[in-house]
Amino acid sequence: MGKTRNKFSPEVRDLLPDREGGTLAAWLKSNPGAEIIARDRGGGYAKGARESAPLARQVADRWHMLRNCLDAVLAAVEKCYRLVREVGRSLAHDMTPIRTQDSATRPGMPSAAVQMRNRGRQRRQAMFDRVMALREKGLNISAIAQETGRDRKTIRQWLMDRQPGQWERTFRHPANAFGGFIRSRWADGCRNATQLYREVCERGYSGSVKGFRQWVKIRIRDGIEDAAPRSSSPRWKPPSTR
């Protein structure tokens, strides 16, 4: 359907029943005097206007002008898409806060948990090295996924980032939940970790006495607080071309 308006009034003058060029031509013949015809990119309207109002000026309507501009911008961006992605990643890297303390040496974290996480990092790095080696041999993503047993999305992301993904869980000692009570008892003069352990167990603490003593030594006696949490800012992603 098409709408007809008077250029001196914003009100709709008529509503055409379809988008056929013949319908528009018939309407223009019965309503002569059109000087400007704003239309979409449909060929039917252009043909009808030429036939019945050859002297009228045909222009694109506002929506289609914006759409043409959008298409032109997207076409220009797509030609430089790789550069846009590289610049975005560089800016995101520059804005990442510097970690003053590595999480692997976070005080109070059990050594077993550190070793387990380090082994996971080593396995992930080894898999990444294998993926990159297969890529250098010319294998596509599907072939690499079949060879390594990894998901294709993971492989694609690794290839784009040129590094394996990182997923680390922040270790929270169970004694943190009783930190206020323990500090209060410490201020009252109770400096016996075993006694403090008995009291927090009565309040629901379920950790080991060895881990609790280590926590008291580091957090209470030495006054070393938890490391600042790692930034949770999402990885920069290039804009979609859609």
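Consider the range 7-53 and keep the residues that are closer than 24 Å to residue 67 by Cα and part of a strand (DSSP E or B). The one that is modelled with the lowest pLDDT is 12.
Against the test of being open to solvent by 40 Å² or more (accessible area, probe 1.4 Å) and at pLDDT 75 or above, the options 82, 99, 89, 123 yield a single qualifying residue, 123.
For residue 143, state whether it is over 30 Å from residue 213 (Cα atoms), open to solvent by less than 80 Å² (accessible area, probe 1.4 Å) and modelled with pLDDT of 70 or more.
On the way: over 30 Å from residue 213 (Cα atoms): yes; open to solvent by less than 80 Å² (accessible area, probe 1.4 Å): yes; modelled with pLDDT of 70 or more: yes.
Yes; evaluated as a whole, the condition is true for this residue.
Scanning the range 174-194 for residues that are under 11 Å from residue 219 (Cβ atoms) and of a type outside the set (A, V, I, L, M, F, W, C) returns 176, 179, 183. Among residues of the range 54-69 being modelled with pLDDT of 85 or more and surrounded by fewer than 11 Cβ atoms within 10 Å (Cβ to Cβ), the one that is farthest from residue 16 (Cα to Cα) is 69. Pairs, please: C-beta under 7 Å, at least 6 apart or cross-chain, first residue under 16 Å from residue 16 (Cα atoms) and in the range 30-52, second at pLDDT 80 or above and β-branched (Val, Ile, Thr)? Here the result reads 38/59; 49/37, each pair linking the range 30-52 to a residue that is at pLDDT 80 or above and β-branched (Val, Ile, Thr).
For the range 15-33, a residue qualifies if it is over 12 Å from residue 51 (Cα atoms) and either in contact with a His (Cβ under 9 Å, 6 or more places away or on another chain) or open to solvent by less than 60 Å² (accessible area, probe 1.4 Å) (or both), and the qualifying residues are 16, 18, 31. Report, by residue number, each residue of the range 146-158 that is open to solvent by 40 Å² or more (accessible area, probe 1.4 Å) and under 23 Å from residue 89 (Cα atoms). Selection gives 152, 153, 154, 156, 157.
The values are calculated or read from the model by the stated rules, or taken from the named source; none is laboratory data. Predicted model only: the values in this text are computed from it and were never measured. Counting neighbours? That spans all protein chains shown, and the Cβs are built from the backbone with ideal geometry, glycine included. Side chains included, ligands, DNA and RNA excluded: accessible areas come from the protein's heavy atoms. Shrake-Rupley method; radii C 1.70, N 1.55, O 1.52, S 1.80 Å.
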